[in-house]
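Quick notes on the structure that follows.
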Amino acid sequence: MNARAAEMRAKGVDVFNLGVGEPDFEPPQFVLDAAKRAIDEGLSSKYTAVSGIAPLKKAICAQVERTRGFAAAPEHVVVTVGAKHALFNLALVLFQAGDEVIIPAPYWVSYPEQAKMMGADPVLLPSDETTGFRIRPAELAKALSPRTKAVIFCTPSNPSGSAYSKEEMKALLDVLRPHDCWIIVDEIYSELVYDGFEHASALTIAPDLRERIILVDGVSKSYAMTGWRIGWLVGPTAVAKACDTVQGQSTTNASAVAQYAALAALTGPQDEIAKARKMFQERRDVMIDGLNALPGIKCRRPEGAFYALADCKGLIGLDHNGKRIANDEDIAMFLLDRAHVVGVPGGAFGAPGHIRFSYAASADRLRAALAAIRTAIEEARR
Ligand code: PLP
């Protein structure tokens with residue numbers, strides 16, 4: 001699909017790229033200035049400590065304490081090459097053949113793939129709109145086995161944007177309390193929650209489980225810094241130490257200049273995040289209202305992140321180039337060919353029949369993309 005989109009672009013077609021998982025704006029200027037200063041001051045050309053520069057680790061601890069009420073210490077922290085690398089370190093350190101890793105679906109694509117790379121078996125727990133794309137405690141209890149090594153929660157979620165409330169997260173953690181397994185919480189979208197929703201971090205809700213909880217976070221999404229590649233994990237000392245060891249034999253430290261940029265992001269004024277939150281909330285409403293006004297498409301209004309996971313099963317059966325649309329891949333191809341809109345087929349995330357649209361684009365672009373989808377559907381229905 002990407003190849004087809006690139007081909008279309010090369011021919012001058014205006015393609016709406018709603019497939020991307022990154023903000024469409026720049027980080028705050030003071031972040032870019034801090035990076036330039038780090039270069040000018042000769043701070044960026046040498047190796048740093050594998051697990052990150054001390055001031056950044058300190059800033060991460062302060063942020064975790066401020067946002068989650070957990071007084072993390074630098075020995076709990078490893079700075080990584082993006083949050084994905086934190087998850088990969090954890091998979092390397094924690095998973096092996098024979099282990100089961102419980103992953104609520106729809107899921108971010110790397111969770112099951114990383115588990116499989118280590119020889120572990122992903123155990124996918126389905127959920128859909130009826131529970132707001134959230135798994136229920138009884139389902140989690142049923143999935144646990146003596147082989148369960150870890151559970152991976154992503155809240156707010158990529159791809160659904162759904163987030164667990166405090167009560168919901170507490171009920172899930174209560175199920176896990178008696179079971180000896182790791183609890184990995186990917187909270188990379190925690191700053192991007194809307195309508196006053198309060199992010200529910202496992203670290204806040206279950207202080208007694210902190211010896212088993214590992215937080216994954218980073219600057220990629222909330223500070224619009226995907227290209228800088230800075231993430232981190234905050235976990236029990238032994239886990240952080242093991243991750244430091246494997247990272248010492250793979251990437252060594254994350255880029256020094258990027259670490260200084262991330263330090264500025266965390267310690268500088270935080271009002272840009274509030275602005276981003278407000279903007280994304282407006283875009284979310286444009287996107288969700290627009291999708292729900294389209295024939296054959298339904299979409300739940302998510303609490304956070306910048307994705308709309310739309311149920312597009314109503315488009316199955318329509319004609320596309322003389323062929324019957326049969327699944328979400330056909331739907332995505334139809335949207336690309338006829339509306340010039342890139343969306344990601346939900347099957348990739350364990351949500352068949354759905355398309356994930358990113359709304360990290362201006363409201364005007366979103367409106368234009370929605371209008372193009374409407375025209376495409378109306379033509380196909382004729
Ligand atoms: N976790 C989730 C849920 C994501 O959506 C992403 C990126 O799309 C990541 C982790 C990886 O973030 P990073 O770009 O910092 O590696």
- Query: How many residues are β-branched (V, I, T) and under 22 Å from S162 (Cβ atoms) if we restrict to the stretch 350-379?
  - Reply: 1
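Collect the residues in the stretch 74-99 that are free of Cβ contacts under 8 Å to residues at least 60 places away in the same chain and either among the small types (G, A, S) or in contact with a Cys (Cβ under 9 Å, 6 or more places away or on another chain) (or both), keeping them in residue-number order. Quick ask: steps written out before the conclusion?
From the stretch 74-99, those free of Cβ contacts under 8 Å to residues at least 60 places away in the same chain are 74, 88, 91, 95-99; that's our starting set.
Correct list: P74, A91, A97, G98.
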- Task: State which residue is nearest to the ligand (Cβ to nearest atom) when the search covers only the stretch 220-237 and only residues that are touching a residue at least 60 places away in the same chain (Cβ under 8 Å) and within 30 Å of D174 (Cα to Cα).
- Result: G231
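Give the number of residues within the stretch 227-236 that are under 16 Å from A256 (Cα atoms) and crowded, with 22+ Cβ neighbours inside 10 Å.
Step one: of the stretch 227-236, the residues under 16 Å from A256 (Cα atoms) are 227-232.
From what's left, crowded, with 22+ Cβ neighbours inside 10 Å: 228, 230-232.
Of the residues in that region, 4 qualify.
Name the single residue that is surrounded by the most Cβ atoms within 10 Å (Cβ to Cβ) among those in the stretch 124-169 being of a type in the set (V, I, T) and not in a loop (DSSP other than H, G, I, E, B).
V151
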- Item | Selected residue (criterion: nearest to the chain's Cα centre (by Cα)) from residues of the stretch 200-211 that are within 25 Å of T226 (Cβ to Cβ) and assigned to a helix (DSSP H, G or I) | A202
- Looking at the stretch 171-199, which of the residues that are farther than 17 Å from I102 by Cα and more than 16 Å from the ligand (Cβ to nearest atom) is nearest to the chain's Cα centre (by Cα)? Y194
- Note on the structure: Residue pairs qualifying under the 7 Å Cβ cut-off, at least six apart or on distinct chains, with the first in the stretch 151-163 being within 18 Å of P122 (Cβ to Cβ) and the second being within 9 Å of the ligand (Cβ to nearest atom) and modelled with pLDDT under 95, are N158/G21
- Query: Of the conditions (1) closer than 16 Å to W228 by Cα; (2) within 16 Å of the ligand (Cβ to nearest atom); (3) in contact with a strand residue (DSSP E or B) (Cβ under 8 Å, 6 or more places away or on another chain), V20 fails just one. Which one is it?
  - Reply: (1)
- Listed residues A83, A120, A91; which is of a type in the set (G, A, S), over 14 Å from A150 (Cβ atoms) and buried (at least 21 other Cβ atoms within 10 Å of the Cβ)? A83
- Query: Going by the structure shown, is Q63 assigned to a loop (DSSP other than H, G, I, E, B) and modelled with pLDDT of 95 or more?
  - Reply: no
- Under the condition of being β-branched (V, I, T) and buried (at least 22 other Cβ atoms within 10 Å of the Cβ), which residue from the stretch 206-226 is nearest to E22 (Cα to Cα)? V219
- Item | Any chance R356 is in the same structural domain as A6 (by TED's automatic domain parsing), on the phi < 0 side of the Ramachandran plot and surrounded by fewer than 24 Cβ atoms within 10 Å (Cβ to Cβ) | no
- Scan (1) touching a Leu at 6+ places or on another chain (Cβ under 8 Å); (2) within 15 Å of the ligand (Cβ to nearest atom); (3) in a helix (DSSP H, G or I); (4) among the hydrophobic types (A, V, I, L, M, F, W, C) for the single condition V79 breaks and write down its number. (3)
- Message: Of the residues K116, K84, only one is within 12 Å of the ligand (Cβ to nearest atom) and within 23 Å of P345 (Cβ to Cβ); which?
- Response: K84
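Which of the residues that make up the stretch 18-34 are out of contact with any Ser or Thr (no Cβ under 8 Å at 6 or more places or on another chain) and touching a residue at least 24 places away in the same chain (Cβ under 8 Å)?
Just the residues of the stretch 18-34 that are out of contact with any Ser or Thr (no Cβ under 8 Å at 6 or more places or on another chain), to begin with: 25-34.
Scanning the stretch 18-34 gives F25, E26, P27, P28, F30, V31, L32, D33, A34.
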- What is the number of the single condition among (1) within 16 Å of the ligand (Cβ to nearest atom); (2) crowded, with 23+ Cβ neighbours inside 10 Å that S51 does not meet? (1)
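Among A202, A240, which is under 23 Å from S162 (Cβ atoms), more than 11 Å from the ligand (Cβ to nearest atom), buried (at least 21 other Cβ atoms within 10 Å of the Cβ) and not assigned by TED's automatic domain parsing to the domain that holds M279?
Answer to the check: A202.
The values are calculated or read from the model by the stated rules, or taken from the named source; none is laboratory data. Since the structure is predicted, the reported quantities are computational estimates derived from the model, not experimental observations. Glycine also receives a Cβ, built like all others from the backbone with ideal geometry; neighbour counts cover every protein chain displayed.
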